[in-house]
1. Stretch Ala35-Glu146 to full length: gain in nm at 0.36 nm per residue minus the Cα-Cα span?
2. In square angstrom, what is the accessible area per residue of the stretch 103-160 with a 1.4 angstrom probe?
3. For a test of the definition: using alpha carbon positions, the gyration tensor, and the 1.5 limit on a/c, classify the stretch 93-150 as rounded, prolate or oblate.
4. Which of the pairs Lys117/Lys138; Lys93/Lys117; Lys93/Lys153 have their Cα atoms more than 32 Å apart in this structure?
5. Once amide H atoms are built 1.01 Å from N in the peptide plane, which residues 5 or more positions from Arg89, or in another chain, come under 5 Å H to H?
Amino acid sequence: EDEKELGVIVMDMGGGTTDIAMFFEGCIRHTAVVALGGGNVTNDIALVLRTPVDQAEIIKQRYGCSVHSLIDNPEDPIEIPGIGGRASRKVAKELLADIIRPRMEEIFRLAAGQIRKSEYANLMTTGVVLTGGGALVKGAVELAEEVFDMPVKLGIPKGFSGLIDLAKSPIHATGVGLILYALSRDYELDGFLVEGEPTLFERIWERMKSWFTH
């Protein structure tokens, strides 16, 4: 809450888009969307390494890094599964970082351009909060600090109990936020409850449960 009062930028890095919200004095003052996200990083890996997208996503999650200095055991190569009966092959972790960094940097620079368009840009004194699945790439926070030239941290959902650990991930920040927002506002349909109609919270909760059970 103190960050929202003083000025903060929230960037939700989804699969296909990166959503930006700028808060000041407790309210959203500006929003924007960049038409790139974590899925574009995965597609780049798949294209360069000539591997299926699902394998590229696994490689990104296990070994991906957007800052070379943060690569774990850089001398250990990554094994890329073969396609159509072909033998697997090995590539250096530095090559993977060379693929990931330019796209992540592009996303952050486009986001910075959108932020500069707002009259509140100079009031974002507490920095940037990264969330969403795309923010989980190792080095994302450090690279964002380099691009935005301001403090950056990873945003993790909180303020709930009783949910499985999976919900405590930046991937589910939007879904958890919707549930908490519905609870805090005690929504009813058009101001009154229609008999037999589920409330907004009930509809969101049923949707969230289906995510966790699949």
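The values are calculated or read from the model by the stated rules, or taken from the named source; none is laboratory data. Owing to the predicted nature of the structure, the values given are computational and were not obtained by experimental measurement. The protein model used for the area step is the full one, side chains on, heavy atoms only, and it has no ligands, DNA or RNA in it. Shrake-Rupley method; radii C 1.70, N 1.55, O 1.52, S 1.80 Å.
1. Taking 0.36 nm per residue and subtracting the Cα distance, the gain is 37.8 nm.
2. Result: 50 Å² per residue.
3. Prolate shape, in that a/c is at least 1.5 and a/b is the bigger ratio.
4. Lys93/Lys117
5. HN-HN under 5 Å from Arg89: Ile80, Gly82.
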